[in-house]
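Visitor: The structure that follows is given in the form of structure tokens.
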Amino acid sequence: MEEAPGSSSEARAAESRGFFGGDSGPSDREQQDAPKAGRRELREDWLAAHPTLTRMMSLDVVDSGHVYAAFLVYLDLLEARNWHEVSYVGLAEFQLVCLHGREREGDDLQVVVPTPVHVSFSHEKMRQIMKRTHTVSDSPMSIMLAIVESDSTIVYYKLTDGFVMPDPPDDTEDVDNKQWRKKRKRLLR
């Protein structure tokens, strides 16, 4: 049994592709749903013209990937994590942009080192960065490493020079807990 031309599955497929009956282009609905080129260009131009990004690009850091990672971390700290007094400085000898900020008002200044995921660091280089960025003399040297993935995912790792005792729990019930006292005793040995 033969199908007549235009009534076969080929015709249904052509109709679904929008090439049926002399149609010369996408439908009105498809045009409304499609992203406008001007919108995309505007969004990209906004990012490239952001004043903080342009100031970061003027630092003595050659790799624009490091600068872009620092900018993404800067935005994440300010907008998503609500940090206070976030600032940046270029570390020319390490070719990095370093961020400083406070997680909460009144907290000590923390150092954040943003880096793209493909960059590796040696222990010695991390120690040198800690020494160079160490600001508070009575606290142990520490930095927060912010690793930026290509999809803009950011993972934070707090690194310290040596071991640091954990802060006591915020919940006062846990302080009186016998199990917490045992753990604390083991940690202090």
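The values are calculated or read from the model by the stated rules, or taken from the named source; none is laboratory data. Quick caveat, the model's predicted, so the values are computed rather than measured. Using ideal geometry, Cβ is built from the backbone for each residue, glycine included, and neighbour counts are taken over all protein chains shown. In case anyone asks, the SASA skips ligands and DNA or RNA and just uses the protein heavy atoms, side chains included. Shrake-Rupley method; radii C 1.70, N 1.55, O 1.52, S 1.80 Å.
Visitor: Could you please give the count of residues in segment 154-165 that are open to solvent by less than 70 Å² (accessible area, probe 1.4 Å) and either at pLDDT 90 or above or more than 26 Å from the chain's Cα centre (by Cα) (or both)?
Guide: 4
Visitor: Quick one: how many residues across segment 103-125 are charged (D, E, K, R), under 14 Å from ASP161 (Cα atoms) and surrounded by 14 or more Cβ atoms within 10 Å (Cβ to Cβ)?
Guide: Going through segment 103-125 one residue at a time, the tally reaches 0.
Visitor: Go through segment 75-93 and count every residue that is open to solvent by 30 Å² or more (accessible area, probe 1.4 Å) and aromatic (Phe, Trp, Tyr).
Guide: Residues in segment 75-93 being open to solvent by 30 Å² or more (accessible area, probe 1.4 Å) and aromatic (Phe, Trp, Tyr): 1 in total.
Visitor: Another question about this same structure. Give segment 38-69 a look and list any residue that's modelled with pLDDT under 75 and open to solvent by 70 Å² or more (accessible area, probe 1.4 Å), or say none.
Guide: Listed by number, the residues that qualify are ARG39, ARG40, GLU41, LEU42, ARG43, GLU44, ASP45, TRP46.
Visitor: So, in segment 126-151, exactly how many residues are modelled with pLDDT of 90 or more, closer than 22 Å to SER64 by Cβ and surrounded by 11 or more Cβ atoms within 10 Å (Cβ to Cβ)?
Guide: Of the residues in segment 126-151, 5 are modelled with pLDDT of 90 or more, closer than 22 Å to SER64 by Cβ and surrounded by 11 or more Cβ atoms within 10 Å (Cβ to Cβ).
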